[in-house]
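Student: I'd like to ask you about the structure that follows.
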Amino acid sequence: MSEHHITPLRTYLIIAASLLFLSGVTVWVSYIDLGSFNIVLAMFVATVKASLVAFFFMHLLWDDKKNLIMFLMSLMFFGIFVTITMLDTAFRGDLGLNPETKDPINKRAAFYDTLPLTDTHGHPVDEHSGKHDEDKDHH
Amino acid sequence: MSENMKQNYLNHPKGIMSWLLTLDHKRIGLMYLVSGILFFFLGGLLALVMRFELAAPGNDIISNEIYNNAYTLHGAIMIFLFIIPAIPGALGNILLPLMVGAKDVAFPRLNLASFYIYSFGALFALYTIINGGVDTGWTFYTPYSTQSSSNVVPMTLGIFIIGFSSILTGLNFIATVHKMRIPGLTWYKLPLFVWALYGTSLVQITATPVLAITMVLLMLERFLGIGIFDPALGGDPVLYQHFFWFYSHPAVYIMILPAFGIISEIIPVHSRKKIWGYKFIAYSTLSIAFIGFLVWGHHMFTSGQSVFSQIVFSFITYFVGIPTGVKIFSWILTMYKGQVSFTPPMFYALAFLFLFTIGGLTGIFLGAVALDIHLHDTYFVVAHFHYVMQGGTIVAFLGGLHHWWPKSFGVMYNQTIANIAALGVFIGFNGTFFPQFLLGLRGMPRRYATYDEQFVELHSYSTFWSGILGISIFIAVMNLFWSFIKRNKVDPGSNPWGGMTLEWTHTSSPPHPHNFEEEPVLQHGPYDYDKVIVQKTYKK
């Protein structure tokens, strides 16, 4: 950029106050038990704070838009990494064999009957297990 | 010859300090080239030791422990110290500013800093070798890498440091492409090697920080016992593989994209025909760079990751085939009805097309979950990635060296010897690695120092041809350096292949210290063989 943007002091002070406020929010919500949502909220607040710093203190808002694109790309790639990794951990152990959640490709597949029923996390499902054992005796 | 043309970047200024503190992109590129080739020989030597160990079953030459060290160091040196820095660092540095008509890269001091950071990181790797090696495999998978008593820390620290060099080089190239082009050199008039380096740089600056983070997390767990990857501490070992491959899969494209760029330069010049599908090749570079970020899980099909992720990763993996196919077909169509001359660079480009196609297609096999579960960690995978990395990247790198050798150093090598060496590389390579596909299909696992009797025949073939491959590469590189020692000079104004890009038409060979005596004026596009006649001029 050829011209240099001069930010008024007022803006800097407002941003600084917002950052302090958001730090307070982070501390405050850590005392509330939201389960796994705690980490999501903490990361969200942190991202907002980092963006404020980048946009105002680092002048990204008034800079060449290509730099903004680079910044957004880094957020996008971070999003891709976290989302797809979570797709793994959220479905870990799910072999797609539980009739309550997934259909096997070939319903007559021989091994299908011999496997114990499990829920999506791989734990055995009690109410069906007795019946299942009887089935196995017939084989 | 004017007084000005006698002065070039190699002889002006003089003195050792003028090299160590140089800001000239061409000198920095040359320093990368020399260090890269030294590491290439070191890595190659380790490969030959392994191959000769595998010539017969049992521990004939080296023990199991040394074998573990040998394959780890072979992988780590070849990837982190040679392939990743070599093409962008050496050929990219020498050529990028010349191709865009600039006096230097955008940040010359940062460029020198990148080289020293790379050297500093390389020292750690050398320390690792002297201090007894490292035995985890180049992937440093947890939990073993947090427990192994070998030199995991210096090696990963070295890789961490070299990563910064990669990031800074990428940043420098992006700024150069955006800001340093001469007037009139619009995006669609850029040589495709510049597009390739641009795509590579984007991947370098977006992916490499993740590698640095991974290495830091590994050390945090090792030293402070923070549970990240170890289940006993509440971590997740598969998470390490997610982190590692989120960098290392895009890194595959850091390695192969510049090779694509080199091939896109060699084929039109040596076929004297306008490149087919310029925009398609340019955009396929960017799309490969992007898709490369979405497919890392195909390295983890047997890691215990969820079936759902496997299906998603397998599906997306197939998309890589589309832009890659676009490139392969465009290159073939470029040669169609062109005036193909069988010069050494063209031989390497043709070898690349053949070898990379095999490497790419076997990648599609491995992208299919059901097949990969059987082939994972067998020699099929070893053969696949050597076809891509060596048959693709290193063959293209050798082609690029032969193509730009007279330009970069003002000397011409013996073309007959270069052709024979290229043929030796091609045959030796196939002889070494094709049997490994068969070994893999028959169940030979990778990373073992010994094997069952049934594999003897194929392993001994592979070992025999690896010797031929090693000798051929040695001859090819020595032939290049011999021309330099013998000073078999070309005329400073010569254009031996009839290239149309700025480095051929507007600079002397070797280039002037400031690249161009005056700012070049663009007269035609990079491949306008249909509009302009460029003479091949080559005088001693």
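The values are calculated or read from the model by the stated rules, or taken from the named source; none is laboratory data. All of these numbers come straight from a predicted model, not from anything done at the bench. Here Cβ is always computed from backbone atoms with ideal geometry, including for glycine, and neighbour counts include all displayed protein chains. The area values use the complete protein model at the heavy-atom level, side chains included, leaving out ligands, DNA and RNA. Shrake-Rupley method; radii C 1.70, N 1.55, O 1.52, S 1.80 Å.
Student: Taking the range B:272-313 only, how many residues are assigned to a helix (DSSP H, G or I) and within 13 Å of chain A (Cβ to nearest Cβ)? Steps first, please.
Tutor: Step one: list which residues in the range B:272-313 are assigned to a helix (DSSP H, G or I), which gives B:278-291, B:296-299, B:307-313.
Retained after the next criterion (residues that are within 13 Å of chain A (Cβ to nearest Cβ)): B:286, B:289-291, B:296-299, B:307-313.
Residues that pass the stated criteria total 15.
Student: Also: Pick out the one residue from B:Ala476, B:Ala449 that is aliphatic (A, V, I, L, M) and touching an Asp or Glu at 6+ places or on another chain (Cβ under 7 Å).
Tutor: Working: B:Ala476 fails: touching an Asp or Glu at 6+ places or on another chain (Cβ under 7 Å).
B:Ala449 is the lone residue from the list that is aliphatic (A, V, I, L, M) and touching an Asp or Glu at 6+ places or on another chain (Cβ under 7 Å).
Student: Kindly indicate whether any position in the range B:54-62 is in a helix (DSSP H, G or I) and out of contact with any His (no Cβ under 7 Å at 6 or more places or on another chain). Let's see the steps before the verdict.
Tutor: We begin by selecting, within the range B:54-62, every residue in a helix (DSSP H, G or I); these are none.
No, the conditions are met nowhere in the range B:54-62.
Student: Next up: Would you point out the residue of the range A:41-67, among those that are open to solvent by less than 50 Å² (accessible area, probe 1.4 Å) and within 14 Å of another protein chain (Cβ to nearest Cβ), that is farthest from A:Thr11 (Cα to Cα)?
Tutor: Step by step, filter the range A:41-67, then rank; the result is A:Asp64.
Student: Let me ask you something else. Of the residues B:Ser145, B:Ser166, B:Ser119, B:Ser150, only one is more than 28 Å from B:Pro520 (Cβ to Cβ) and outside any helix (DSSP H, G or I); which? Break it down into steps so the answer makes sense when it comes.
Tutor: Values: B:Ser145 fails: outside any helix (DSSP H, G or I); B:Ser166 fails: outside any helix (DSSP H, G or I); B:Ser119 fails: outside any helix (DSSP H, G or I).
Result of the check over B:Ser145, B:Ser166, B:Ser119, B:Ser150: B:Ser150.
Student: For the range B:182-210, what are the residues that are of a type in the set (S, T, N, Q), in a helix (DSSP H, G or I) and either within 14 Å of chain A (Cβ to nearest Cβ) or open to solvent by 10 Å² or more (accessible area, probe 1.4 Å) (or both)? Before you say what the answer is, go through the steps one by one.
Tutor: Residues of the range B:182-210 of a type in the set (S, T, N, Q): B:186, B:200-201, B:204, B:206, B:208.
Retained after the next criterion (residues that are in a helix (DSSP H, G or I)): B:200-201, B:204, B:206, B:208.
The answer is B:Ser201, B:Gln204, B:Thr206, B:Thr208.
Student: Residue check, A:Met70 against (1) surrounded by 13 or more Cβ atoms within 10 Å (Cβ to Cβ); (2) more than 30 Å from B:Leu286 (Cβ to Cβ); (3) hydrophobic (A, V, I, L, M, F, W, C), all met but one. Which one?
Tutor: Against the list (1) surrounded by 13 or more Cβ atoms within 10 Å (Cβ to Cβ); (2) more than 30 Å from B:Leu286 (Cβ to Cβ); (3) hydrophobic (A, V, I, L, M, F, W, C), A:Met70 comes up short only on (2).
Student: Another one. Quick check: anything in the range B:35-43 modelled with pLDDT of 90 or more and closer than 18 Å to B:Arg446 by Cα?
Tutor: Restricting attention to the range B:35-43, the residues satisfying the condition of being modelled with pLDDT of 90 or more are B:35-43.
Within this subset, residues satisfying the condition of being closer than 18 Å to B:Arg446 by Cα are B:43.
Looking for residues that are modelled with pLDDT of 90 or more and closer than 18 Å to B:Arg446 by Cα, one finds at least one in the range B:35-43, hence yes.
Student: Given the options B:Tyr387, B:Tyr448, name the one that is part of a loop (DSSP other than H, G, I, E, B), of a type in the set (Phe, Trp, Tyr) and either touching a Pro at 6+ places or on another chain (Cβ under 7 Å) or over 22 Å from B:Ser509 (Cα atoms) (or both). Quick ask: steps written out before the conclusion?
Tutor: On the way: B:Tyr387 fails: part of a loop (DSSP other than H, G, I, E, B).
On inspection, the qualifying residue turns out to be B:Tyr448.
Student: Can you go through B:Tyr127, B:Tyr116 and tell me which one is open to solvent by 20 Å² or more (accessible area, probe 1.4 Å), free of Cβ contacts under 8 Å to residues at least 24 places away in the same chain and not β-branched (Val, Ile, Thr)?
Tutor: Details: B:Tyr127 fails: free of Cβ contacts under 8 Å to residues at least 24 places away in the same chain.
Of B:Tyr127, B:Tyr116, the one residue that is open to solvent by 20 Å² or more (accessible area, probe 1.4 Å), free of Cβ contacts under 8 Å to residues at least 24 places away in the same chain and not β-branched (Val, Ile, Thr) is B:Tyr116.
Student: Among the numbered criteria (1) over 27 Å from B:Ile473 (Cβ atoms); (2) more than 14 Å from every other protein chain (Cβ to nearest Cβ), which single criterion is violated by B:Phe354?
Tutor: (1)
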